[in-house]
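What follows draws every value from the coordinates through simple rules; no lab data is involved. Quick caveat: nothing in here was measured; it's all calculated off a predicted structure. Backbone-built Cβ (ideal geometry, glycine too); neighbour counts: all protein chains shown.
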There are 2 protein chains.
Amino acid sequence: MSTSRASELLPVLEQEIVTGTLSPGTRLDETLLAERFGVSRTPVREALNRLSATGLIEIRPRRGAIVAEISVQDLMNMFEVMAELEATCAKLAARRITPDEKKALLEAHEECDSLAGGDQHDMYYERNTHMHNLIYQASHNNFLEKQTKELRQRLSPHRRLQVRIPGRMVSSSNEHGALVTAILDGNSKLAEKLTRDHVAIQGERFTDFLATLPAHYLRNSA
Amino acid sequence: MSTSRASELLPVLEQEIVTGTLSPGTRLDETLLAERFGVSRTPVREALNRLSATGLIEIRPRRGAIVAEISVQDLMNMFEVMAELEATCAKLAARRITPDEKKALLEAHEECDSLAGGDQHDMYYERNTHMHNLIYQASHNNFLEKQTKELRQRLSPHRRLQVRIPGRMVSSSNEHGALVTAILDGNSKLAEKLTRDHVAIQGERFTDFLATLPAHYLRNSA
DNA sequence: AAATTACTTCTTGTATACAAAAATTAATTC
DNA sequence: GAATTAATTTTTGTATACAAGAAGTAATTT
């Protein structure tokens, strides 16, 4: 957000990491990136520094930056926090959502639901994200909203795998239905619980989760 | 963590912001900072970029960096999230704390308690922080621990005021007593609730909170 | 032939130089 | 005398130059 050039690189790199174009462990050569974007190393370094603060990349002193590698342990921990943050969003949303926001949420859910039966995974993923964003927003806590979005983004390279699990879209959408109802009813306790269970990776879903994980997650146990 | 010089500036600036030596709104002149630390502007800019990612400072394009100014609204939002994060730590700690960690927690609490009656506010603040850190650690979720510490640090310039409220140290310590018991008993539900109530600013404490707030909080309502 | 060490090359970290935008000051106009 | 505008001065953002450390390669030794 500061410089002109650097602020242009940042979202591009962010996007490429988040979508997996740049996979975990990939080295981020400053000179190469500078050439690619047609700038000097200075704004590249600026962008890398900012990315490192969000945890998306890791800067090792004198040894360059790599796309952050996350262990299974880390991932579990992050999902655990994610469940709590989202649950808090849902709880507050149930208490604070406005009529306009209710309308938008209902529409978003119906759109998601109509996609759940098909095979447009990316489309479902995108609309699903939008619906969740509406819930964050309805919490009327900007800081919470920002933190939750940030963690969601950081987890996104690891979540996309999940949507592909057979039947996951449909069950996810059903869970959303109950959640949306709870929020619209102002049932904060229920909304909180449903969300925590929806996001948390537990029970048999845990096994599915581990099974879909690429091998590299098992390497570093930092 | 990356460079040699820049990684030395970072914690220094962080500390000065957190302790209030650099108060909200203060401009962070790159050249001045460079001279002060005996380095060029490059590592200074690097440090500033990283600080901006944590939210402690704000970098306005082409207009330099300032120590972040926080509105009352922001502060309320952040405390709300803080309460949830700490409550989650306490909940998980109650379920996962080890015998060694139990011992350390009990000792830390007793130390805090013995300070609560006196007037060594800074000492109490420091030992209180330590106790809270032990609870975060006992959650056995490194990511949660890191996030909670980060937010606590970010809030710390605004919290110090609170400890000075008459009787606050004693009531705080009493609340801790009940919390520690809940954690040691493995009562996660209770630990969660006690912590949320302990951290949250609500009821009559809200009025006290507003009353102790310096005027500048009321300016920007971003 | 394997391993260790010296040497070369490459990459990062820092300083300096330059360009462009914002802030400040001075001057002019009403 | 106040306000607007032009000129000057600062200050930020970017590029380039240089220094130092890490990685890779070649040569020597066992």
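Per-structure values
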{"read-out": "MRE, 222 nm, helices only [DSSP H, n ≥ 4, -39500 (n - 2.57), over the protein assembly as shown, to nearest 500]", "value": "-23500 deg cm²/dmol"}
{"read-out": "Compactness index (Cα Rg / 2.2 N^0.38 Å), the stretch A:1-43", "value": "1.15"}
{"read-out": "Restraint check, A:Lys189/B:Lys189; A:Lys149/B:Lys102; A:Lys91/B:Lys193; A:Lys91/B:Lys91; A:Lys102/A:Lys189, Cα-Cα greater than 23 Å", "value": "A:Lys149/B:Lys102"}
{"read-out": "Antiparallel content of DSSP bridges confined to the protein assembly as shown, in %, to 5", "value": "100 percent"}
{"read-out": "Coordinate range along principal axes, alpha carbons of the stretch B:1-151, Å, largest first", "value": "51, 36, 33"}
{"read-out": "³J(HN,Hα), Karplus 6.51/-1.76/1.60, whole Hz, each residue of the stretch A:11-17, x for Gly, Pro", "value": "x, 5, 4, 3, 4, 5, 6"}
{"read-out": "Cα-based helix-to-principal-axis angle, A:99-116 vs chain A, degrees rounded to 10", "value": "80 degrees"}
{"read-out": "Cα gyration tensor, the stretch A:86-222 - rounded (a/c under 1.5), prolate or oblate", "value": "prolate"}
{"read-out": "Charge context of B:Thr148, other residues only, Cβ under 12 angstrom, K/R +1, D/E -1", "value": "-1"}
{"read-out": "Angle between chain A longest axis and helix A:142-163 axis [Cα atoms, degrees, rounded to 10]", "value": "80 degrees"}
{"read-out": "Per-residue average of Cβ from other chains inside 10 Å of B:146-152", "value": "2"}
{"read-out": "Rounded FRET efficiency, nearest 0.05, which uses the C-beta distance separating A:Leu213 from A:Asp185 and R0 of 30 Å", "value": "0.25"}
{"read-out": "Volume in Å³ per residue [convex hull over Cα atoms, computed for the protein assembly as shown]", "value": "163 Å³"}
{"read-out": "Förster radius 30 Å - calculated FRET efficiency between B:Thr19 and B:Thr98 (Cβ-Cβ, nearest 0.05)", "value": "0.35"}
{"read-out": "Principal semi-axes in Å for the stretch B:13-87 [√(5λ), Cα gyration tensor, largest first]", "value": "27, 12, 11"}
{"read-out": "Ascending list, in nanometres, of distances separating the A:Pro166 label from those of the other copies (7 Å, Cα toward Cβ)", "value": "7.2"}
{"read-out": "Phi-based couplings in Hz for the stretch B:67-78 (Karplus 6.51, -1.76, 1.60; Gly and Pro marked x)", "value": "5, 4, 9, 10, 7, 4, 4, 4, 4, 4, 4, 5"}
{"read-out": "Whether the stretch B:111-189 is rounded, prolate or oblate, judged on the alpha carbon gyration tensor where a/c under 1.5 counts as rounded", "value": "oblate"}
